[in-house]
Amino acid sequence: MHSPDKEKPASSLTWMGTNLFRKRDREPVEIRASIEKIPLFRNLTKKELRRVEEALYLRRYRADSFIFRAGDPGLGMYIIHTGSVWIQKPGQTDSDGSQPFLELGPGDFFGEMALFEENVHLVSARARTNTTLLGFFRPDLMTLSHYYPRLGCKLLLALGRVISERFRASLEEVSGDA
């Protein structure tokens, strides 16, 4: 329930009333259709989806550009809107003939652990092709949770479910049950 004594949330990164990272060419209808399909947001109402969409940052990367490198601080998660991303272990590059251990495409997301902990990335993420990502960062999750607690709970439970599923799959792979 929205508390009347709380003001409408302001973006976490503004200067003179202008959001420094938000792009004007956001293609809202395409973005909404894209995020509706993601398991993380599947159980949200249209109103909640719109609030999440308003908190997303559109970022474009050219092919072979690093989104982040192992050792960089984790700031949030990224949803692939278009293109593809390689997730690589430290020191793993194409030039030495090795392959990424994971390739992700539209609708996939990565970096979600950064929403929970202030730590560095253990892997690198690199755009394989020209790629458009939707960034969802920790301060924006905290702002949504503060002003819309029900939405915050739904998001945190969904994130916990995803992390649990991924952890379970990793354990099965390591133990040979995959």
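The values are calculated or read from the model by the stated rules, or taken from the named source; none is laboratory data. Only a predicted model underlies this, so the values are computations on that prediction, with no experimental measurement involved. Glycine gets a Cβ as well: all are built from the backbone with ideal geometry, and neighbour counts include every protein chain shown. Remember, those area values only see protein heavy atoms, side chains included, never the ligands or the DNA or RNA. Shrake-Rupley method; radii C 1.70, N 1.55, O 1.52, S 1.80 Å.
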Can you sort Tyr147, Tyr57 by solvent-accessible area, 1.4 Å probe, largest first? Tyr147, Tyr57
Compute, for Val123, the solvent-accessible surface of its heavy atoms (probe 1.4 Å) with the complete set of protein chains present, and express it in square angstrom to the nearest 10. 40 Å²
Determine the shape class of the range 108-178: with a ≥ b ≥ c the square roots of the Cα gyration tensor eigenvalues, call it rounded for a/c under 1.5, and otherwise prolate if a/b is greater than b/c, oblate otherwise. oblate
For Phe110 the rounded accessible area (nearest 10 Å², probe 1.4 Å, non-protein molecules ignored) is 10 Å²
What is the percent carbon and sulfur in the accessible area of the range 119-178, measuring with a 1.4 Å probe over the protein chains and ignoring ligands? 58 percent
Using a 1.4 Å probe, how large is the accessible area of Lys47, given in Å² and rounded to the nearest 10? 110 Å²
Using a 1.4 angstrom probe, figure out how much accessible area the range 43-178 has per residue, in square angstrom, rounded to the nearest whole. 54 Å²
Trypsin sites (Lys or Arg not before Pro) within the range 120-153: which are DSSP loop residues with at most 16 other Cβ atoms inside 10 Å? none
